[in-house]
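This report concerns only the one structure given below.
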Amino acid sequence: MTEDLKKRYVNRDLSWLEFNARVLQEAADPSVPLIERWRFLGIFSSNLDEFYRVRFASIKRMGQMARSKALIRDLTGYTPEELLNEITKKVRLQQIEGERIHDELVELLDKEDIRFVDEQELTKGQKEFVRRYFVEKVSPLVFTLMIDELDKLPELNDKSFYLAIKILRNKEPEKPRYALIEVPAAMIGRFVELPRYGKRYIMYLEDLIRYNLNYIFFIFDFDQIEAHVVKITRDAELDLDNDVGRSWLEKMSRSIRDRRTGDPVRLIYDQDISPDLLHYLKKHMELDDLDSLISGGRYHNKKDYLNFPNVGGPELENPILPALRHPHLDLEKSLLEVIRKKDALLVLPYHSFSYYIRLLREAAIDPAVQSIKITLYRLASQSRIINALINAAKNGKEVTVVIELQARFDEANNIRWTQELKQEGVEVIFGVRGLKVHSKVLLISRREGGKIRDYAAIGTGNLNESTARIYTDYHLFTCDKRISRDLNMLFEFFDSNYLQQNYEHLVVSPHFTRKKFYALIDREIEHAKNGRPAAIRMKLNALADIGIIDKLYEASQSGVRIQLIVRGICSLIPGREGLSEHIEVISVVDRFLEHMRLYYFENNGDPSVLMGSADLMTRNIDHRVEVLVPVYDTDIQQELLEHFNIYWRDNVKARLLDPESQNSYRPSSDEACRAQIDLHTYYREKLKKKRV
């Protein structure tokens, strides 16, 4: 059975690693501006950190469970131990490639007269600067732990990294001293720009600390000292206890604090570290055979490259693609009035997220608006969404916010917003117990002519001003009664979870999405069998649900042409004879993070089009509250199809996901098509036509 599963599906975790390999390809691509390549290296590292904190840790916990056919099926033919070993092998190869890219980028910086220097290469003037910088800015933030004197190693922060120190005295070579220094990069920055002498010079903060080790450890009268970077990754799973005496908010707060002491699952270390020091750390961190031990070069925690400074010219970064005005929306006029007349599609980051903020601000001060209901998942640290909702509450509107406290790694932020909203009189609902509320919906109710008219917004992405500049997303604004009627039922469900709703138009997880997709695919199968036009086009972030994949295989075998654009995980194997020869899959990785979810079913020339928050993963279908909205406006249907076709033509940043999963770029002799750039051009031209 296990081999059959491996031939039929790509394991979701191994597929995710292939996605991260595509990110690494961007760091290696010479056509990408130099500073952006550094930042892609940071994205690769940040992604990998989260993968280990979540997925690797989860598989490790599975390894402690009893074996079952269901478990093997969930892992598509692997035992947990086999999968952990396979992951570690792939990651080691990717880390080697990452080190190669890092060294190449250092050389390219040098050609731009930007040079990294370490503690051994400083000039006299630089040494004086580095000592002064350390004393004034770094030393107050440095905590030094003499770990050989401790009975138990302290809980290390997995958001940081450490210098592991070994101190030797010639008199007592058999008695080394060990220490750890947490590098305070999060507080003062990882990269220190030194005074310019012709070239620009940058120094890693850990190298600056290395230069000053004698200043820190002078009391030991040492003869030799060495320092190597180590980084630990912990299990990020929240342990929500069953104490009925505590509120849900209290349980979440306690679990977030406890996350800092989760079991370690990965240790990354400098390959030149002394074997005795490494052995000491492994022993006292209680790492076992299921944990991932990754050796590498001198520098780790490369996620800091996300904030790599551009000390050179603007040509080292991507040229700015400014957010464009929407052809039908006007920030100087009533957006509610426009939406009342016609649906509007906001496409980020090509349009400005300010339209969403403007819609909420208008509703907050409009005397006719009675209530605002909204779901929130991830918010910006300084959220204008929250400010608009508080403004509405202060103006006497009934404001209801469904906020998801279990938005991974944003829990503390959402707890803070919850407390602030409550203080301002906003009704806050903590989602649905046992289900994450991942939907992105807004409902504004307004009294017009003695009746209530509802205005809705349903989106694919978070209401977050920061990510709205770098994530591609859709938000549909509509006054369609069919949509608003179902949204009202959804908010009733949030308020009273025991009420089972029957939605006529919205596709809502966890109760209806699977059934709806099976029915839509079956309809295409029926059309194909009867010689009628049948096709399926999907653009999504992840495709991993086995039930959906089997349905798509069935559709392919019936002759339905299927085109899939999948950013990340894709467990479906395309192009395999007798199984999926009518399925093609590409993945686009470029300067923006592809985040749109679009589902297009040909239906014999009368297409069904859905967009919304749900990917086709089991968690989205069966274990979350997700909302997909049907697009009824024929102009927007056509616009979305044109979007899809632009992406499908991409021959610059599109990779083929073939049975070998080689991430090869799509070969083409046609004119270059880069979807993200071409989509910006598409909207710029649309705006010009509107002006004419």
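Laboratory data are not the source of any read-out in this text; all were calculated from the coordinates shown. Since we're looking at a predicted model, the values are computed, not measured. All Cβ positions, even for glycine, are placed from backbone atoms using ideal geometry, and neighbour counts span all protein chains on display.
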**Message:** Testing the spin-label approximation: label points 7 Å from Cα along Cα→Cβ at Asp330 and Thr634. State their distance in nm.
**Reply:** 2.7
**region 592-612 versus region 468-509: alpha-carbon centroid distance in Å** = 17
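Set the Förster radius R0 to 35 Å, insert the Cβ-Cβ distance between Glu337 and Val432 as r into 1/(1 + (r/R0)^6), and round the FRET efficiency to 0.05.
0.55
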**Item:** Cα-based reach from Lys124 at 17 Å (exclusive), listing aspartates and glutamates while leaving out same-chain residues under 8 positions away
**Value:** Glu193, Asp207
**Complete:** To the nearest 10 degrees, the tilt of helix 12-28 (Cα long axis) against the first principal axis of the alpha carbons of the chain is 70
**Prompt:** What FRET efficiency comes out for the pair Glu581/Asn645, r = Cβ-Cβ distance, R0 = 22 Å, nearest 0.05?
**Reply:** 0.50
**Request:** Report, to the nearest 10°, how far helix 124-133 tilts away from the longest principal axis of the Cα atoms in the chain, using its own Cα long axis and a range of 0 to 90°.
**Result:** 60
**Request:** List, in the order given, every pair from Lys89/Lys516; Lys516/Lys539; Lys89/Lys436 whose Cα-Cα distance in the structure shown is over 28 Å.
**Result:** Lys89/Lys516; Lys89/Lys436
**Asked** In what sequence do Tyr133, Tyr647 fall when counting other Cβ within 10 Å, fewest first?
**Response** Tyr133, Tyr647
**Item:** Of the GluC sites (Glu not before Pro) in region 319-409, those whose Cβ has at most 10 other Cβ within 10 Å and which sit in DSSP loop
**Value:** Glu332
**Complete:** Note on the chain: contact order normalised by length, alpha-carbon pairs under 8 Å, 6 or more apart, percent, works out to 12
**Message:** Under the rule a/c < 1.5 gives rounded, and otherwise a/b versus b/c splits prolate from oblate, where does the chain land using the Cα gyration tensor?
**Reply:** prolate
**Message:** Under the 0.36 nm per residue contour assumption, what length would be gained going from the current alpha-carbon distance of Ala70 and Gln419 to full extension?
**Reply:** 121.5 nm
**Request:** Can you tell me how much longer the chain between His511 and Phe218 gets when fully stretched, taken as 0.36 nm per residue apart minus their C-alpha distance, in nm with one decimal?
**Result:** 98.9 nm
**Prompt:** What residue among Ser295, Asn170, Leu656 has its Cα farthest toward the positive end of the dipole of the chain, where the charges are +1 on Lys, Arg and -1 on Asp, Glu, each on the Cβ?
**Reply:** Leu656
**Message:** Below 8 Å between Cα atoms, with a sequence gap of 6+, how large is the relative contact order for region 508-691 in percent?
**Reply:** 22
**Prompt:** Distance in nm between label sites at Met187 and Asn157, each 7 Å beyond Cα in the beta-carbon direction?
**Reply:** 0.7
**Request:** Go through Lys394/Lys451; Lys199/Lys231; Lys282/Lys303; Lys111/Lys166; Lys397/Lys481; Lys90/Lys175 and tell me which ones have a Cα-Cα distance over 28 Å in this structure.
**Result:** Lys199/Lys231; Lys111/Lys166; Lys90/Lys175
**Virtual spin-label span in nm between Arg169 and Ala672, 7 Å along Cα→Cβ** = 6.4
**Request:** Net charge near His326: determine it from the other residues with C-beta under 10 Å of the C-beta of His326, scoring Lys and Arg +1 and Asp and Glu -1.
**Result:** +2
**Message:** Could you work out the relative contact order of region 1-113? I mean the mean sequence separation of Cα pairs under 8 Å and 6+ apart, divided by the number of residues, in percent.
**Reply:** 38
**Principal-axis tilt of helix 34-51 within the chain, Cα atoms, nearest 10 degrees** = 80
**Within the chain, helix-based [θ] at 222 nm, where runs of 4 or more DSSP H residues each add -39,500 (n - 2.57), nearest 500** = -11500 deg cm²/dmol
**Message:** Using 0.36 nm times the number of residues separating Ala28 and Lys481, minus their current alpha carbon distance, what extension gain do you get?
**Reply:** 158.1 nm
